[in-house]
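Inspection log for the structure reproduced underneath, given as C-alpha coordinates.
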Amino acid sequence: MQRRAQRDDQRDQRAERTERTRGLSRVLVAAAALPVMLIAAGCSSDSGSGSDDGAGTGAQENAGVTTSTSPSATPTVQAAAYKTLPEPCAVLSKKTLTDLVPKGTKGKAGTSGDTATRGSCSWSSLQNNGVKGSQFRWLNVSLLRFESDATTGSGDQQAQQYYTKQVQDAQAVAGATNTKTQPLTGAGDEATSVRYDLKKKEGAFKQQTVVARVENVVVILDYNGAGLAGEKTPSADTLTKAAEKAAKEAVASVRSANGEGTGGGSGTGTGATPAPSTSAGASKSPSGSPSASPSASASQAAATASPKATAQKS
(Lines give C-alpha, C1' and ligand atoms only; values in the text may rest on other atoms or scores of the structure.)
Protein backbone atom coordinates (compact mmCIF):
# COMPACT_ATOMS: atom_id res chain seq x y z
CA MET A 1 0.00 0.00 0.00
CA GLN A 2 2.76 2.34 0.93
CA ARG A 3 4.66 1.65 -2.31
CA ARG A 4 1.54 2.26 -4.34
CA ALA A 5 1.04 5.59 -2.71
CA GLN A 6 4.63 6.57 -3.42
CA ARG A 7 4.23 5.65 -7.07
CA ASP A 8 1.08 7.75 -7.30
CA ASP A 9 2.89 10.73 -5.79
CA GLN A 10 5.78 10.37 -8.21
CA ARG A 11 3.36 10.19 -11.14
CA ASP A 12 1.57 13.33 -10.01
CA GLN A 13 4.88 15.16 -9.62
CA ARG A 14 5.96 14.17 -13.16
CA ALA A 15 2.65 15.35 -14.59
CA GLU A 16 2.97 18.65 -12.77
CA ARG A 17 6.53 19.17 -14.08
CA THR A 18 5.40 18.35 -17.61
CA GLU A 19 2.57 20.86 -17.36
CA ARG A 20 4.91 23.55 -16.08
CA THR A 21 7.33 22.85 -18.91
CA ARG A 22 4.58 23.18 -21.50
CA GLY A 23 3.43 26.50 -19.99
CA LEU A 24 6.95 27.83 -19.99
CA SER A 25 7.39 26.86 -23.65
CA ARG A 26 4.24 28.71 -24.60
CA VAL A 27 5.48 31.81 -22.75
CA LEU A 28 8.86 31.66 -24.47
CA VAL A 29 7.26 31.25 -27.91
CA ALA A 30 5.00 34.22 -27.29
CA ALA A 31 7.91 36.31 -26.04
CA ALA A 32 9.95 35.44 -29.11
CA ALA A 33 7.09 36.36 -31.46
CA LEU A 34 6.53 39.78 -29.92
CA PRO A 35 9.77 41.44 -31.25
CA VAL A 36 9.08 40.05 -34.71
CA MET A 37 5.62 41.66 -34.67
CA LEU A 38 7.01 44.95 -33.43
CA ILE A 39 9.73 45.00 -36.12
CA ALA A 40 7.17 44.21 -38.81
CA ALA A 41 4.93 47.03 -37.58
CA GLY A 42 7.88 49.44 -37.52
CA CYS A 43 8.86 48.57 -41.09
CA SER A 44 5.31 49.04 -42.23
CA SER A 45 5.17 52.48 -40.57
CA ASP A 46 8.50 53.56 -42.09
CA SER A 47 7.38 52.49 -45.52
CA GLY A 48 4.24 54.60 -45.32
CA SER A 49 6.14 57.64 -44.09
CA GLY A 50 8.65 57.29 -46.91
CA SER A 51 5.89 57.21 -49.48
CA ASP A 52 4.36 60.37 -48.10
CA ASP A 53 7.71 62.15 -48.10
CA GLY A 54 8.39 61.04 -51.64
CA ALA A 55 5.02 62.27 -52.81
CA GLY A 56 5.60 65.66 -51.14
CA THR A 57 9.07 65.99 -52.65
CA GLY A 58 7.76 65.07 -56.07
CA ALA A 59 4.99 67.65 -55.82
CA GLN A 60 7.50 70.31 -54.84
CA GLU A 61 9.77 69.37 -57.74
CA ASN A 62 6.84 69.48 -60.15
CA ALA A 63 5.85 72.90 -58.82
CA GLY A 64 9.42 74.11 -59.31
CA VAL A 65 9.45 72.87 -62.91
CA THR A 66 6.15 74.60 -63.62
CA THR A 67 7.47 77.89 -62.25
CA SER A 68 10.75 77.73 -64.14
CA THR A 69 9.06 77.03 -67.48
CA SER A 70 6.57 79.89 -67.22
CA PRO A 71 6.77 82.16 -70.30
CA SER A 72 8.64 85.44 -69.68
CA ALA A 73 6.92 88.78 -70.22
CA THR A 74 7.26 90.22 -73.72
CA PRO A 75 9.25 93.51 -73.74
CA THR A 76 7.05 96.49 -74.50
CA VAL A 77 7.67 100.18 -75.20
CA GLN A 78 5.45 103.14 -74.60
CA ALA A 79 3.28 103.95 -77.58
CA ALA A 80 4.09 107.14 -79.46
CA ALA A 81 1.86 110.02 -78.39
CA TYR A 82 1.49 111.68 -81.80
CA LYS A 83 0.41 109.69 -84.85
CA THR A 84 0.48 112.31 -87.58
CA LEU A 85 1.97 115.62 -88.74
CA PRO A 86 0.34 118.81 -89.99
CA GLU A 87 0.84 120.06 -93.53
CA PRO A 88 4.29 121.71 -93.29
CA CYS A 89 3.35 124.71 -95.43
CA ALA A 90 0.33 125.37 -93.20
CA VAL A 91 1.96 125.39 -89.77
CA LEU A 92 2.39 129.18 -89.78
CA SER A 93 -0.33 131.79 -90.09
CA LYS A 94 -0.49 134.24 -92.95
CA LYS A 95 0.31 137.08 -90.56
CA THR A 96 3.46 135.34 -89.29
CA LEU A 97 4.62 134.63 -92.82
CA THR A 98 4.03 138.23 -93.80
CA ASP A 99 6.22 139.37 -90.90
CA LEU A 100 9.03 136.91 -91.64
CA VAL A 101 8.99 136.67 -95.45
CA PRO A 102 6.88 139.62 -96.68
CA LYS A 103 7.58 139.02 -100.37
CA GLY A 104 7.32 135.26 -100.35
CA THR A 105 4.38 134.03 -98.28
CA LYS A 106 3.67 131.11 -100.58
CA GLY A 107 5.75 128.18 -99.41
CA LYS A 108 7.31 125.33 -101.34
CA ALA A 109 6.89 121.87 -99.84
CA GLY A 110 9.93 119.62 -99.65
CA THR A 111 9.93 116.12 -101.08
CA SER A 112 8.86 113.40 -98.63
CA GLY A 113 8.22 109.72 -99.15
CA ASP A 114 6.05 109.54 -96.02
CA THR A 115 4.23 112.71 -95.04
CA ALA A 116 3.05 111.12 -91.79
CA THR A 117 6.62 110.88 -90.48
CA ARG A 118 8.48 113.78 -92.07
CA GLY A 119 7.92 116.92 -94.10
CA SER A 120 9.26 120.40 -94.74
CA CYS A 121 8.38 123.72 -96.32
CA SER A 122 10.49 126.75 -97.25
CA TRP A 123 9.81 130.37 -98.09
CA SER A 124 12.07 132.94 -99.77
CA SER A 125 11.59 136.72 -99.81
CA LEU A 126 13.50 139.51 -101.55
CA GLN A 127 12.37 143.04 -100.81
CA ASN A 128 13.91 145.40 -103.39
CA ASN A 129 14.59 148.88 -102.05
CA GLY A 130 15.94 150.34 -105.27
CA VAL A 131 19.35 151.94 -105.10
CA LYS A 132 19.56 151.20 -101.39
CA GLY A 133 19.74 147.50 -102.10
CA SER A 134 17.53 144.58 -101.04
CA GLN A 135 16.51 142.79 -97.90
CA PHE A 136 16.63 139.02 -98.21
CA ARG A 137 14.87 136.53 -95.92
CA TRP A 138 14.77 132.75 -96.01
CA LEU A 139 12.61 130.52 -93.82
CA ASN A 140 12.40 126.75 -93.54
CA VAL A 141 10.35 124.50 -91.25
CA SER A 142 11.14 120.78 -90.93
CA LEU A 143 9.00 118.26 -89.07
CA LEU A 144 10.10 114.78 -88.07
CA ARG A 145 7.99 112.24 -86.18
CA PHE A 146 9.30 109.05 -84.54
CA GLU A 147 7.34 105.83 -83.97
CA SER A 148 7.93 103.61 -80.95
CA ASP A 149 9.84 100.42 -81.67
CA ALA A 150 10.90 97.53 -79.42
CA THR A 151 14.42 97.61 -80.88
CA THR A 152 15.16 101.35 -81.09
CA GLY A 153 13.03 102.50 -78.14
CA SER A 154 10.01 104.71 -77.66
CA GLY A 155 9.17 107.56 -80.00
CA ASP A 156 9.90 110.07 -77.24
CA GLN A 157 13.37 108.64 -76.60
CA GLN A 158 14.28 108.71 -80.28
CA ALA A 159 12.97 112.26 -80.61
CA GLN A 160 15.04 113.36 -77.60
CA GLN A 161 18.20 111.91 -79.13
CA TYR A 162 17.50 113.54 -82.48
CA TYR A 163 16.70 116.87 -80.81
CA THR A 164 20.03 116.84 -78.94
CA LYS A 165 21.96 116.07 -82.11
CA GLN A 166 20.28 118.87 -84.07
CA VAL A 167 21.11 121.41 -81.37
CA GLN A 168 24.73 120.27 -81.39
CA ASP A 169 24.87 120.52 -85.19
CA ALA A 170 23.46 124.04 -85.13
CA GLN A 171 26.17 125.04 -82.67
CA ALA A 172 28.94 123.66 -84.87
CA VAL A 173 28.30 125.11 -88.34
CA ALA A 174 31.52 125.62 -90.27
CA GLY A 175 32.46 129.29 -90.63
CA ALA A 176 29.93 130.52 -88.07
CA THR A 177 30.87 133.36 -85.73
CA ASN A 178 29.27 134.99 -82.71
CA THR A 179 27.34 131.82 -81.90
CA LYS A 180 24.87 132.16 -79.04
CA THR A 181 22.64 129.48 -77.56
CA GLN A 182 19.73 129.87 -75.20
CA PRO A 183 16.85 127.67 -74.01
CA LEU A 184 13.37 128.56 -75.17
CA THR A 185 10.22 128.08 -73.12
CA GLY A 186 6.68 127.68 -74.38
CA ALA A 187 7.69 125.62 -77.43
CA GLY A 188 6.87 122.02 -76.56
CA ASP A 189 8.64 119.79 -74.07
CA GLU A 190 12.06 121.29 -74.75
CA ALA A 191 13.44 123.87 -77.16
CA THR A 192 16.72 125.63 -77.89
CA SER A 193 17.47 128.72 -79.94
CA VAL A 194 20.86 129.03 -81.66
CA ARG A 195 21.99 132.10 -83.58
CA TYR A 196 25.20 133.00 -85.36
CA ASP A 197 26.68 135.13 -88.14
CA LEU A 198 27.77 133.63 -91.44
CA LYS A 199 29.75 135.37 -94.16
CA LYS A 200 28.85 134.50 -97.75
CA LYS A 201 29.71 136.02 -101.08
CA GLU A 202 26.23 137.56 -101.28
CA GLY A 203 26.63 139.30 -97.92
CA ALA A 204 26.64 138.89 -94.15
CA PHE A 205 23.86 136.54 -93.05
CA LYS A 206 22.24 136.46 -89.64
CA GLN A 207 21.16 132.86 -88.98
CA GLN A 208 18.60 131.68 -86.42
CA THR A 209 17.88 128.01 -85.78
CA VAL A 210 15.23 126.92 -83.30
CA VAL A 211 15.01 123.22 -82.44
CA ALA A 212 11.94 122.12 -80.48
CA ARG A 213 10.59 118.77 -79.35
CA VAL A 214 6.98 118.05 -78.48
CA GLU A 215 6.37 114.43 -77.48
CA ASN A 216 7.75 112.25 -80.32
CA VAL A 217 7.98 115.08 -82.89
CA VAL A 218 10.95 117.36 -83.55
CA VAL A 219 10.41 120.77 -85.16
CA ILE A 220 13.37 122.60 -86.72
CA LEU A 221 12.91 126.19 -87.84
CA ASP A 222 15.67 127.95 -89.77
CA TYR A 223 15.40 131.66 -90.46
CA ASN A 224 18.07 133.95 -91.83
CA GLY A 225 18.34 137.38 -93.30
CA ALA A 226 20.85 139.58 -95.07
CA GLY A 227 21.14 143.02 -96.57
CA LEU A 228 22.14 142.73 -100.26
CA ALA A 229 23.60 145.25 -102.70
CA GLY A 230 24.41 147.80 -100.03
CA GLU A 231 21.34 147.35 -97.84
CA LYS A 232 22.12 147.25 -94.10
CA THR A 233 22.38 143.95 -92.25
CA PRO A 234 19.23 143.10 -90.28
CA SER A 235 19.26 143.00 -86.49
CA ALA A 236 20.04 139.57 -85.05
CA ASP A 237 17.82 140.28 -82.03
CA THR A 238 14.84 141.10 -84.26
CA LEU A 239 15.32 137.99 -86.39
CA THR A 240 15.74 135.75 -83.33
CA LYS A 241 12.57 137.05 -81.72
CA ALA A 242 10.62 136.45 -84.92
CA ALA A 243 12.05 132.92 -85.33
CA GLU A 244 11.22 131.91 -81.78
CA LYS A 245 7.64 133.16 -82.13
CA ALA A 246 7.25 131.19 -85.36
CA ALA A 247 8.68 128.03 -83.76
CA LYS A 248 6.09 128.19 -80.98
CA GLU A 249 3.39 128.51 -83.62
CA ALA A 250 4.69 125.49 -85.51
CA VAL A 251 4.70 123.40 -82.31
CA ALA A 252 1.10 124.47 -81.63
CA SER A 253 0.16 123.24 -85.13
CA VAL A 254 1.68 119.83 -84.40
CA ARG A 255 -0.37 119.57 -81.24
CA SER A 256 -3.51 120.67 -83.02
CA ALA A 257 -3.04 118.08 -85.76
CA ASN A 258 -3.06 115.43 -83.03
CA GLY A 259 -6.16 116.73 -81.27
CA GLU A 260 -4.54 118.97 -78.66
CA GLY A 261 -5.31 122.67 -78.43
CA THR A 262 -5.58 124.84 -81.51
CA GLY A 263 -3.03 125.32 -84.23
CA GLY A 264 -1.39 128.65 -84.85
CA GLY A 265 -1.05 128.18 -88.59
CA SER A 266 -3.42 128.99 -91.42
CA GLY A 267 -4.61 125.39 -91.43
CA THR A 268 -3.82 121.96 -90.04
CA GLY A 269 -2.50 119.05 -91.99
CA THR A 270 -4.97 117.17 -94.17
CA GLY A 271 -4.89 113.67 -95.49
CA ALA A 272 -2.12 112.52 -93.15
CA THR A 273 -2.67 109.04 -91.75
CA PRO A 274 -0.97 107.29 -88.85
CA ALA A 275 2.24 105.66 -89.96
CA PRO A 276 3.34 102.13 -89.15
CA SER A 277 6.48 101.53 -87.13
CA THR A 278 9.03 103.35 -89.27
CA SER A 279 11.65 104.40 -86.77
CA ALA A 280 14.42 103.16 -89.02
CA GLY A 281 13.11 105.18 -91.92
CA ALA A 282 12.71 108.30 -89.83
CA SER A 283 16.40 108.79 -89.28
CA LYS A 284 16.94 111.65 -91.69
CA SER A 285 15.55 115.14 -91.64
CA PRO A 286 13.93 116.36 -94.86
CA SER A 287 16.03 119.03 -96.50
CA GLY A 288 14.44 122.36 -97.29
CA SER A 289 14.35 123.44 -100.89
CA PRO A 290 14.22 127.23 -101.36
CA SER A 291 11.61 128.50 -103.78
CA ALA A 292 12.38 130.52 -106.86
CA SER A 293 13.15 134.14 -106.11
CA PRO A 294 12.22 137.20 -108.25
CA SER A 295 15.79 138.02 -109.25
CA ALA A 296 19.12 136.36 -109.96
CA SER A 297 20.71 137.72 -106.80
CA ALA A 298 17.85 136.36 -104.69
CA SER A 299 18.21 132.97 -106.37
CA GLN A 300 21.87 132.84 -105.44
CA ALA A 301 21.12 133.90 -101.87
CA ALA A 302 18.37 131.34 -101.51
CA ALA A 303 20.62 128.58 -102.83
CA THR A 304 23.11 129.21 -100.03
CA ALA A 305 20.68 130.23 -97.29
CA SER A 306 19.99 126.77 -95.91
CA PRO A 307 22.42 125.96 -93.04
CA LYS A 308 24.14 122.64 -93.66
CA ALA A 309 23.87 121.49 -90.08
CA THR A 310 20.10 121.58 -89.77
CA ALA A 311 18.60 121.38 -93.23
CA GLN A 312 20.60 118.48 -94.59
CA LYS A 313 22.13 116.56 -91.69
CA SER A 314 20.31 113.91 -89.79
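Rolling a 1.4 Å probe over the protein chains gives Arg213 an accessible area of about 20 Å².
I need the shape label for segment 107-153. Rule: rounded when a/c is under 1.5, else prolate if a/b > b/c, else oblate, with a, b, c from the alpha carbon gyration tensor.
prolate
Charged neighbours of Ala159, selected by a Cβ distance under 13 Å, balance to -2 (K, R count +1; D, E count -1). Distance between the modelled labels on Asp114 and Gln157, one decimal in nanometres: 1.9 nm (7 Å Cα→Cβ projection).
The values are calculated or read from the model by the stated rules, or taken from the named source; none is laboratory data. None of the values given here were measured: they were computed from a predicted structure. All Cβ positions, glycine included, derive from the backbone under ideal geometry; neighbour counts span all protein chains shown. Ligands, DNA and RNA are excluded from the accessible area calculation, which covers all protein heavy atoms including side chains. Shrake-Rupley method; radii C 1.70, N 1.55, O 1.52, S 1.80 Å.
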